[in-house]
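Here is the structure we will look at, set down as structure tokens.
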């Protein structure tokens with residue numbers, strides 16, 4: 001990556017199809033004495049590269065030339081991809097990024113019905129971990145905020161959802177990226193909003209109970225969208241007092257103040273910066289069982305307040321797709337992204353259900369109905385269903401011998417020390433800090449003394465995408481010693497690796513029907529400690545079935561979508577239309593892993 005030292009708070013970003021390029025500076029100067037957050041390995045993020053996207057699935061029709069878009073992959077690569085077509089086009093970005101909470105978030109997986117016996121029918125599947133090294137977390141968020149700013153339109157806003165773990169640091173990063181204009185109308189921070197949820201569990205005995213999250217609202221410029229009338233709340237009659245022609249409110253101390261105009265009107269008041277909104281409960285209509293799911297009421301207020309019908313809403317930490325579902329209902333267009341395939345499958349299923357309800361006219365607000373959906377992979381991101389399991393899968397696939405007593409390297413293979421880098425994103429120079437800090441210089445001195453012309457260490461870095469100078473950066477950091485560094489990029493070398501057992505299925509056409517005779521999701525069966533022979537009804541293991549009656553050989557365009565209720569089963573038998581050609585079926589199991597196959601009609 002090419003960097004240049006900035007002379008002000010932020011730099012615009014260049015994107016190129018190939019190598020990275022230098023760029024010009026912003027036209028504003030930083031505030032004098034303006035504090036900037038610093039951390040080990042911080043680098044100005046001034047350029048990126050274009051990453052291709054592969055269209056995998058299409059649902060529904062275009063409206064006004066638009067289909068909503070979901071991307072599976074590293075969100076830094078997704079954002080870099082979007083820059084080519086959507087720079088300064090997004091009206092609202094809402095993100096609920098990692099909090100660095102130190103927790104592992106799990107989703108409860110339950111077999112449908114009672115058709116599977118001789119095993120536990122419920123288990124918890126880890127979706128993602130939220131444990132970071134401080135410097136790594138800051139660089140991770142900094143780069144994504146810079147990319148986000150480039151996508152916002154002139155009147156656009158970003159709302160960052162966080163909690164007590166890193167909200168103070170994220171506010172510093174947001175100030176640095178979005179500026180802190182002091183003149184009115186001002187850009188930068190517009191509000192710090194407290195989302196208060198008193199009904200959530202957990203009351204520690206040794207401190208005050210944490211019952212709120214923080215939302216930071218920043219605008220790109222001083223001219224931003226804010227729809228006050230869309231979010232007004234009624235003023236309680238008990239608090240209204242009339243005195244001659246003026247109107248008054250009574251505060252908690254009994255003092256009255258006039259509220260004619262401004263934030264209050266006959267239609268109600270603009271909400272204050274403390275929002276009392278309940279968390280999503282497991283039996284709620286909107287509940288998806290996805291960990292850390294946020295309530296639709298929270299996103300409704302955000303989207304209605306700072307975007308307009310037809311605007312593009314982006315959430316690149318999508319999770320269960322709450323922002324996307326609400327945007328669809330409120331006649332906004334949307335783009336979503338997540339690195340976890342479980343999130344992609346959960347959100348896609350949820351959005352298809354939302355679209356069906358809206359087309360029936362039961363929940364739609366006035367405006368165009370954007371229900372079409374496209375699902376993409378970015379940079380061929382189709383290796384891992386769950387990046388939490390990536391390290392174990394790589395150790396097994398690469399046949400690496402684990403080193404239990406070594407805290408720096410993950411294993412050894414063929415005389416080389418193996419370090420598995422974060423595989424849920426591109427490996428950068430900052431990711432080398434932990435490795436560099438663990439260099440054994442004393443051992444290297446002995447080896448160098450014995451063989452001055454040989455490398456003191458042979459190192460293999462395993463990563464999923466990397467900066468082109470990664471090898472050189474590690475070699476420079478080791479000077480005056482010589483290293484033999486090899487980089488294995490699993491995006492490039494994945495053809496030689498096998499990461500999981502494929503599912504098995506048999507699908508046939510009989511008497512005008514497409515029939516799934518059997519389906520064995522091998523990874524799921526392994527987690528359930530089940531053998532294929534004891535599965536009485538494979539449908540209990542299935543989350544959904546999608547069928548394209550005329551598959552073009554490239555993109556799945558399902559005309560039949562079988563998504564049962566929480567306690568129901570897929571049908572498994574489907575009437576084949578008379579005009580069908582090559583039929584493509586996608587069966588998704590309870591782990592969000594899918595089997596796809598084709599059969600011919602005729």
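FYI, it's all coordinate maths here, none of it is from the lab. Owing to the predicted nature of the structure, the values given are computational and were not obtained by experimental measurement. Positions of Cβ are generated from backbone atoms using ideal geometry, with glycine treated the same way; all protein chains shown enter the neighbour counts.
Computed quantities for the displayed model
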quantity	calculated
Difference of contour (0.36 nm per residue) and Cα-Cα distance, residue 186 to residue 164	5.3 nm
Distance histogram in 10 Å bins (all Cα pairs of the range 504-600, percent per bin)	15, 50, 29, 6, 0
Those residues of the range 301-317 whose amide nitrogen sits under 16 Å from the label point placed on residue 229, 7 Å along Cα→Cβ	304-309
Theoretical gain in end-to-end length, residue 380 to residue 502 [0.36 nm per residue, Cα-Cα removed]	42.1 nm
Length added when fully stretched, residue 172-residue 491, from 0.36 nm per residue minus Cα-Cα	111.4 nm
Exposure proxy ranking, count of Cβ atoms within 10 Å, fewest first, for 399, 434	399, 434
Estimated FRET transfer efficiency when R0 is 51 angstrom, pair residue 537-residue 50 (beta carbons, to 0.05)	0.65
Residue 64/residue 440 FRET efficiency (R0 56 Å; Cβ-Cβ; nearest 0.05)	0.35
Within the range 543-565, backbone nitrogen closer than 11 Å to the virtual label 7 Å beyond the Cα of residue 601 toward Cβ	548-551, 559-560
